[in-house]
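Let me begin by presenting the structure, written as structure tokens, before commenting on it.
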Amino acid sequence: VQLQASGGGLVQAGGSLRLSCAASGRTFSTNAMGWFRQAPGKEREFVATISATGTVIFYTNSVKGRFTISRDNAKNTVFLQMNILKPEDTAVYYCAASRGAIATMKDSGYDYWGQGTLVTVSS
């Protein structure tokens, strides 16, 4: 599975961005997907995950109510809608795919990673 993330950019605090992650391969619909982020000088952290069927979703507490993860299995794409962005959301965002179908918040549960897309939120 190859992953290509896009949609990052510069936005003012309170604004919105929608990240996309396009996946290659015919097994996308059987893979749980996740979004992680890494801010400058910090470790990579979990943001959101969605099960293969889209029925199970988890978020890290800091983005609940602001971010929405979704997927379109017909288009092999997972999305992260980010609203009410804050400067602390500034990071490189990575999408990841698991060989399994179960949503997981652990980065060790993912087998494939995209190249990352930079999100910068100005105050």
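The values are calculated or read from the model by the stated rules, or taken from the named source; none is laboratory data. Computed from a predicted model, the values in this text were never measured in an experiment. Surface accessibility is based on the protein's heavy atoms, side chains included, excluding ligands, DNA and RNA. Shrake-Rupley method; radii C 1.70, N 1.55, O 1.52, S 1.80 Å.
When the chain is modelled as a GNM with alpha-carbon springs shorter than 10 Å, which of 50, 84, 102 fluctuates the most? Comparing 50, 84, 102 in the GNM, the peak value goes to 84. The lysines whose alpha-carbon is closer than 26 Å to the alpha-carbon of residue 86, local same-chain residues fewer than 8 away aside, are 42, 64, 106.
Comparing 68, 104, 60 in a Gaussian network model of the chain, where Cα atoms under 10 Å apart are tied by springs, the biggest mean-square fluctuation is seen for 60. Heavy-atom accessible area per residue, the chain, 1.4 Å probe: how many Å²? With the other protein chains kept in place, the chain gives 51 Å² per residue.
Looking at the chain, the DSSP beta bridges with both ends there are about 90 percent antiparallel.
Directionally averaged projected area (the chain, Cα convex hull): 6.6 nm². Round to a whole angstrom and tell me the spacing of the C-alpha centers of region 100-123 and region 1-67. If we compute the Cα centre of each part, the gap is 5 Å. Potential lengthening of the chain between residue 81 and residue 26 amounts to 17.4 nm, from the contour at 0.36 nm per residue minus the alpha-carbon distance. For the chain, with all protein chains in place and a probe radius of 1.4 Å, 51% of the accessible heavy-atom surface sits on carbon or sulfur. With 0.36 nm allotted per residue and the present C-alpha distance subtracted, the residue 61-residue 43 stretch has 4.8 nm of extension available. If you run the Gaussian network model on the chain, springs between alpha carbon atoms under 10 Å, then out of 37, 18, 26 the most flexible one is 26.
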